[in-house]
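What follows is one structure encoded as structure tokens, with my remarks underneath.
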């Protein structure tokens, strides 16, 4: 093979590799970014975990579609609540402003992320930064498969010590689950945000409606995924044998109507949540979307 032919072959091979990366058929860095999760030297006495279920409507939490989550609430003597993610029809019901409101404990008017096209930077401190300021030896954990959210949050957190904050971008919810199951027992962060995106994707591909087969299937699979996370991570002691007191909050960022969201219909602006405090601790005080991150931070500070 002559030099020109070799070069053509190499270029063709590189183009093919890049194309495969773009289609996520290979484990390429584009779909697999991670900050190292350092093993905890000392397990925190208290942990707060926020599990974000993107696009989960309030009426999708029921014994049929979410049997584990429904029974989990009942076993704790709790009922699912709901919050107005639009702040009284002043914040659009998109995912980026919703989750940033959770992670900054502030509304879009303050943090500056008004829709999914907002490039950032986030204008206010996140709960991860506030925790690091008050507890310099603390650890935080962030994982998502939705690139815009990863870029916004990590764009804000670039100066956090890599030994204290671990962030993961994974290709889908199955990979998010695997990351948590792989890292959790050793990592043992003080504060964690785990974002699951399959329900929202199903709503956009079909309809944000519990009667839509694709949406219902995604809700059921997410419920099963959370059950596995609960049983294999959150209900178990750390690798060191300790069992932290854990506040676990399940929350959504919006509902939907048809195959979209962003406006102020009742099914778009109301989102479900459930906060499970450990035995002996008072219930988390959550009345608004912004209270979720603040409640988590209050618990671990």
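Under a point spin-label approximation (7 Å from Cα along Cα-to-Cβ), what is the residue 59-residue 243 distance to one decimal in nm? Here the answer is 4.0 nm between the modelled labels.
In the Gaussian network model of the chain, springs joining C-alpha atoms below 10 Å, which of 92, 125, 76 carries the largest mean-square fluctuation? Looking only at 92, 125, 76, the biggest GNM fluctuation is shown by 76. Based on the alpha carbons, how large is the Rg to Rh ratio for segment 134-281 when Rh follows Kirkwood? Rg/Rh for segment 134-281 comes to 0.99. Expressed as a whole number of Å, what is the distance separating the alpha-carbon centroids of segment 43-73 and segment 133-191? When both Cα centres are located, 19 Å separates them. Per-peptide packing, taken as the mean over residues of other Cβ atoms within 10 Å, places 262-268, 188-194, 246-252 in the sequence 188-194, 246-252, 262-268 from highest down. Across all Cα pairs in the chain, the calculated P(r) in 20 Å bins from zero up to the longest distance comes to 34, 56, 9, 1 percent per bin.
Here the relative contact order of the chain, from alpha carbon pairs under 8 Å that lie six or more residues apart, stands at 32 percent.
Of the peptides 112-124, 46-58, 166-178, the ranking by mean beta-carbon count within 10 Å, highest at the top, reads 46-58, 166-178, 112-124.
FYI, it's all coordinate maths here, none of it is from the lab. These figures come from a predicted structure and were not determined experimentally. Positions of Cβ are backbone-derived with ideal geometry, glycine not excepted, and every protein chain shown enters the neighbour counts.
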